[in-house]
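To start, the structure itself, in structure tokens.
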Amino acid sequence: MADDRRFHGVPLRFIYTPHPVVGMPPSVLRGYIEGKDPATQRTVIEEVIEAITKPVSEDEFTRDFAPVPRTGVRQTLLEPDTEDNLQRLFYERGWTDGLPIILPTEERVAEMLTGTNRAPDEVVAEIFLHDTQEYLKFTVEMVAIIGVMAGAKPEHLPVLLAVASTGQPSIPGSTTPFACMLLVNGPIRNEIEMNSGIGAFSPRNLANSVIGRAWTLLTINWGYMRLRKQFWTSQGNPIGYNNMCVAENEERSAWQPFHVQKKFRPEESVVSLFRGWSFVNNVVGSSHRSVGKDMLLQLGALPGLFSAATLILDPLVARHLKENEGFHTKLDFCRWLSENFKMPAGQFWGTDLIHMMMAPLADQGVEPYASWKKLPEEALIAPYDKPENINIVVVGGETSPMWKVADFAYAVSASVDKWRARPVTDGCADGSCGLPDEP
């Protein structure tokens, strides 16, 4: 929305309706439109008509096109106090996730900053806050402060800076319980002793724990979790405490690492972010059925939104798929899943999330959704029609042939090496000199 203000010359006017919206029948939704805006007590449809017909005032242009940069607003240092009082103060001001933190003293922050060669005042990300119409510039020092609070070490800072540079929140403003995953590839995994093997998603590894937590603390301090301002989720999601932070088990994988698929060099360290709602666990059974066919069944439990899915496979499962089922690359398997998963059109369009997100595309004539919308309910479609939107990540310790099938969509990847204390010169900071896709 900020991009519309900046680049298209269209100040946006916000109108609020009652909630919930998801899952409500058309009669209820129509009642929202014909009823009162809970914020203004005016009729919603009248506000909509006014918003799209009333000429834009000079004040709106000034406010919408020149959001106030918010830097240096917070006081740099707090008055000395007891640890208990400061812990309480951080919590009461909404700077924490509710768990105790490491207090970011000047000395601790200075030590954290030794993990990068960047200046403390360098801007890492610019975050737009919709409710206050402000841009928040987040600096290297601010990320270092968050790192200290999360319990991170200086060697973790380049990963945190890479995450922050994406501007991606771990808990976006939504009424639904989003969950996220943070994947690290490349040499830094081993340098900071991240876990990609036994119990990789479990609470037992320092780097996995503090990096994952720091992403949530970043999100909180970006302003994305202010109750009823940016934070609206009805139930929330406990994954947000750590965001499924993990490293890929490149050494034991039968296939290319994930970051190489995204055109980064194998020797470059990279962080990749994913977002979704749900996942299903399973394990290879003793019946010797096709693992690929089992995964097809599990895809049916997911909505198939924008063809996105993420498979998290133990190395045993990846090796089985390559050696016993003939899938020589990740993309080979993704293409097979794309071609072989079928669903009745009525079941696809009957999902609230699909109807909300995809039906407007069908109405606009976007293919294949426009054609799918015209089919009889019993007609079979292949909702994962874009195999490149199916992601495969290899994680696990080979003690059990486990896998997870998730509706997580890939969001973005960012180089870690550009933020190191000693820059890596033989890597590819922006991914533009990467290798081709798997054959």
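Listed values, structure above:
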| item | result |
| --- | --- |
| 3 or more residues more than 30 Å from D417 (Cα to Cα): qualifying helices (runs of 4 or more DSSP H) within the stretch 242-344 | 291-299, 315-323, 330-340 |
| Tally of residues being within 25 Å of P154 (Cβ to Cβ), touching a Ser or Thr at 6+ places or on another chain (Cβ under 7 Å) and surrounded by fewer than 22 Cβ atoms within 10 Å (Cβ to Cβ) across the stretch 171-202 | 1 |
| Unmet requirement for S196, which otherwise passes all of (1) within 30 Å of E398 (Cα to Cα); (2) of a type in the set (S, T, N, Q); (3) without any contact (Cβ under 8 Å) to a residue 60 or more places away in the chain | (3) |
| Number of positions in the stretch 29-53 that are in contact with a strand residue (DSSP E or B) (Cβ under 9 Å, 6 or more places away or on another chain) and in a loop (DSSP other than H, G, I, E, B) | 3 |
| Flag for E155 being of a type outside the set (S, T, N, Q), surrounded by fewer than 20 Cβ atoms within 10 Å (Cβ to Cβ) and either modelled with pLDDT of 95 or more or out of contact with any strand residue (DSSP E or B) (no Cβ under 8 Å at 6 or more places or on another chain) (or both) | yes |
| Any hit, the stretch 327-346, residues being within 20 Å of M244 (Cα to Cα) and touching a helix residue (DSSP H, G or I) at 6+ places or on another chain (Cβ under 9 Å) | no |
| Residue tally, condition at pLDDT below 80 and surrounded by 16 or more Cβ atoms within 10 Å (Cβ to Cβ), over the stretch 283-299 | 1 |
| Positions within the stretch 11-32 being exposed (fewer than 12 other Cβ atoms within 10 Å of the Cβ) and at pLDDT 85 or above, in sequence order | S27 |
| Flag for A345 being out of contact with any strand residue (DSSP E or B) (no Cβ under 7 Å at 6 or more places or on another chain), of a type in the set (G, A, S) and buried (at least 16 other Cβ atoms within 10 Å of the Cβ) | no |
| Some residue of the stretch 124-136 being crowded, with 24+ Cβ neighbours inside 10 Å, in contact (Cβ under 8 Å) with a residue 60 or more places away in the chain, assigned to a strand (DSSP E or B) and in contact with a strand residue (DSSP E or B) (Cβ under 6 Å, 6 or more places away or on another chain) | no |
| Looking only at the stretch 333-367, and only at residues there that are of a type in the set (D, E, K, R) and without any contact (Cβ under 8 Å) to a residue 60 or more places away in the chain, the one that is farthest from A382 (Cα to Cα) | D363 |
| Test: residue in the stretch 111-120 that is without any contact (Cβ under 8 Å) to a residue 40 or more places away in the chain, surrounded by 13 or more Cβ atoms within 10 Å (Cβ to Cβ), in a loop (DSSP other than H, G, I, E, B) and in contact with an Asp or Glu (Cβ under 9 Å, 6 or more places away or on another chain) | yes |
| Neighbours by Cβ (under 9 Å, 6+ apart or cross-chain): first from the stretch 139-154, acidic (D, E); second surrounded by fewer than 24 Cβ atoms within 10 Å (Cβ to Cβ) | E141/V109; E141/L113; E141/A119; E141/P120; E141/D121; E141/E122 |
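Yes/no matrix, rows are residues, columns are (1) loosely packed, with under 11 Cβ neighbours inside 10 Å; (2) over 28 Å from D417 (Cα atoms); (3) at pLDDT below 90; (4) among the β-branched types (V, I, T):
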| position | (1), (2), (3), (4) |
| --- | --- |
| D59 | yes, yes, yes, no |
| T62 | yes, yes, yes, yes |
| Q75 | yes, yes, yes, no |
| P80 | yes, yes, yes, no |
| Q87 | no, yes, no, no |
| L99 | no, yes, no, no |
| I102 | no, no, no, yes |
| E106 | yes, no, no, no |
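The values are calculated or read from the model by the stated rules, or taken from the named source; none is laboratory data. Model, not experiment: these values are computed from the prediction. Backbone-built Cβ (ideal geometry, glycine too); neighbour counts: all protein chains shown.
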